[in-house]
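Peer 1: Sharing a structure with you now.
The values are calculated or read from the model by the stated rules, or taken from the named source; none is laboratory data. All figures in this text were calculated on a predicted structure; none of them were measured in a lab. Note that each Cβ is placed from the backbone with ideal geometry, even for glycine, and that neighbours are counted across all protein chains shown.
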Amino acid sequence: MHQSDYQTIHYFNNDEISKMLKHYRFTEEDKERLIALQSIALDNIPQLLSGFYEFIFSFEHAKTFIYNDALMEKHKEGIKAWFLSLFSGLYDENYFHHLSVISETHVKIGLPSHYVNTAFSYIRQFLEKLLLRNNNTQALSAMHKIIDINLDILSLTYKEEKEQQLLKDVVLIKKVLKAQTIEPYIQPIIDPKNKKSPKYECLMRLKDPENGEIHSIYPYLHTAKSILLYEDLMYIMIDKCFHAFESYDATFSINISYEDIVNPIFYDYLYQKIQVFANPKRIIFEILETDSIVDFNIVLDFIKTVRKLGCGIAIDDFGSGYSNIENILKFKPDFIKIDGSLIKDLADSEEALNIVKNVINIAKDMKAETIAEYVHNKEVYEIVKNLEIDYLQGYYLEEPFPITELPHK
């Protein structure tokens, strides 16, 4: 293993180690008590490993990184070595460096941090029972200290990764806002009867002004909202979409969340934009994150307001996970967009097919048109055509492209 293999490994020096041990009040006496447990720890390795793997394989994720006998044996040797190191008495630079390597490995294989925490909870409980069974209560404090120190180090890389990623995300969002490089992309919504695209969905993209890289908004959405810059992104997005379609005679949809609707400043801004738009009948608002709606009356008021101006309403991702379908149906949407997770599984899942058929029937009863998202291959395309879904959308038909590439009429 080369140092370059692990770019985010933290290398502890003696001063940092001393501070950490002092922070946890880990003394020479604690060290001696742990060393005295070496023989007991070694004798109980078989019991530890048996219970540990029974415990972790109760989590489905464990099977994704321990998926054959060779990996199982390697993992067992690693757990055994780590467990015995708790009682080595050698808590030096090499010891902490090894913990950092383990932590970085966890990150690289995509192991969730909560898995590490739950695994540690098992080890801690195992040792507590072991010490109590051996009437060695004096060593309990030392054991908890060394476990806490290990958990701290094994969580360090996760913390660093998250902090570094958060910083990168914030920097990108601020750069994009300063340069006004929010780039709307549009994806055609195809009529399968004539394969024309009378409609487009507008999708927010962030263009890095320094290197030109294009990023979907979704990985940055939570950060943008938490640092109160999401609203600014939406202003630019709306401006560019309305401007582009002012000179292009086609229907287009824009995603609107509950947060947008309950924001009175944004609401007023949007209302003014619609009023001065040449033909509001070409605008569709897709209501997002329907499960997060707190007050359905506020959304109903929004729908009534924009409908008076001529706009249409679509419900996004319909058919999966909604706990308030009765309230959603009160919106009387013009379009129901069937959840992409159902569409992509149509060829392999009878359950998905039955749900989609039910959604189609609901839409017909409501006199709403249906849109199938995530039409990603020929097999799914043929199925949704045969189901007589009104409109189709997906990479098999056409990928999203910059709104600037629309031909002007």
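Peer 1: In the stretch 200-245, what residues are assigned to a helix (DSSP H, G or I), touching a residue at least 24 places away in the same chain (Cβ under 8 Å) and aromatic (F, W, Y)?
Peer 2: Y220, Y230, Y235, F242, F245, listed by residue number.
Peer 1: Now a separate question. Just one of (1) loosely packed, with under 15 Cβ neighbours inside 10 Å; (2) closer than 25 Å to G310 by Cβ; (3) of a type in the set (D, E) trips up D390, so point out which.
Peer 2: Condition (1) is where D390 drops out.
Peer 1: Sort through L99, L90, L127, L34 and tell me the only one that's under 15 Å from N150 (Cβ atoms) and in contact (Cβ under 8 Å) with a residue 60 or more places away in the chain.
Peer 2: So the residue among L99, L90, L127, L34 that is under 15 Å from N150 (Cβ atoms) and in contact (Cβ under 8 Å) with a residue 60 or more places away in the chain is L34.
Peer 1: While we're on this one: I want to confirm something. Restricting to the stretch 291-349 and keeping residues that are hydroxyl-bearing (S, T, Y) and at pLDDT below 90, which single residue is nearest to N361 (Cα to Cα)? Steps first, answer last, please.
Peer 2: Let us first name the residues in the stretch 291-349 that are hydroxyl-bearing (S, T, Y), namely 292, 305, 320, 322-323, 341, 349.
Then drop every residue that is not at pLDDT below 90, which leaves 292, 320, 322-323, 341.
Details: S292: 25, S320: 15, Y322: 17, S323: 19, S341: 19 Å.
Within the stretch 291-349, the match that is nearest to N361 (Cα to Cα) is S320.
Peer 1: For the condition under 26 Å from K281 (Cα atoms) and either crowded, with 16+ Cβ neighbours inside 10 Å or modelled with pLDDT under 90 (or both), what is the one hit in A352, A363?
Peer 2: A363
So that you can scan it fast, the table gives a plain yes or no per residue for (1) at pLDDT 90 or above; (2) surrounded by fewer than 17 Cβ atoms within 10 Å (Cβ to Cβ); (3) part of a helix (DSSP H, G or I):
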{"site": "L131", "(1), (2), (3)": "yes, no, yes"}
{"site": "Q138", "(1), (2), (3)": "no, yes, yes"}
{"site": "A142", "(1), (2), (3)": "yes, no, yes"}
{"site": "I153", "(1), (2), (3)": "no, no, yes"}
{"site": "K159", "(1), (2), (3)": "no, yes, yes"}
{"site": "Q165", "(1), (2), (3)": "no, yes, yes"}
{"site": "I173", "(1), (2), (3)": "yes, no, yes"}
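Peer 1: Say we look at the stretch 210-229 and pick out the residues that are of a type in the set (G, A, S) and either over 15 Å from E183 (Cα atoms) or touching a helix residue (DSSP H, G or I) at 6+ places or on another chain (Cβ under 9 Å) (or both); which of these is surrounded by the fewest Cβ atoms within 10 Å (Cβ to Cβ)?
Peer 2: First pass over the stretch 210-229, keeping only residues of a type in the set (G, A, S): 212, 216, 224, 226.
If we keep only those that are either over 15 Å from E183 (Cα atoms) or touching a helix residue (DSSP H, G or I) at 6+ places or on another chain (Cβ under 9 Å) (or both) too, we end up with 224, 226.
Working: A224: 24, S226: 12.
Taking the candidates together, the pick is S226.
Peer 1: Which is in the same structural domain as L90 (by TED's automatic domain parsing), under 16 Å from F96 (Cβ atoms) and at pLDDT below 85, of I56, I17?
Peer 2: Working: I56 fails: under 16 Å from F96 (Cβ atoms).
Selected residue: I17, the only one of I56, I17 that is in the same structural domain as L90 (by TED's automatic domain parsing), under 16 Å from F96 (Cβ atoms) and at pLDDT below 85.
Peer 1: Still on this model: I261 fails exactly one of the following numbered conditions: (1) touching a helix residue (DSSP H, G or I) at 6+ places or on another chain (Cβ under 6 Å); (2) farther than 18 Å from K332 by Cβ. What is the number of that condition?
Peer 2: Unmet for I261, out of (1) touching a helix residue (DSSP H, G or I) at 6+ places or on another chain (Cβ under 6 Å); (2) farther than 18 Å from K332 by Cβ: (2).
Peer 1: Checking the condition charged (D, E, K, R), over 17 Å from the mean Cα position of the chain (by Cα) and buried (at least 19 other Cβ atoms within 10 Å of the Cβ), which residue from D260, D249, D232, D239 passes?
Peer 2: The unique qualifying residue is D260.
Peer 1: List the helices (runs of 4 or more DSSP H) inside the stretch 257-344, counting only whole elements, that have at least 1 residues being of a type in the set (A, V, I, L, M) and within 30 Å of N377 (Cα to Cα).
Peer 2: Where helices (runs of 4 or more DSSP H) fall fully within the stretch 257-344 and carry at least 1 residues being of a type in the set (A, V, I, L, M) and within 30 Å of N377 (Cα to Cα), they are 325-329, 340-343.
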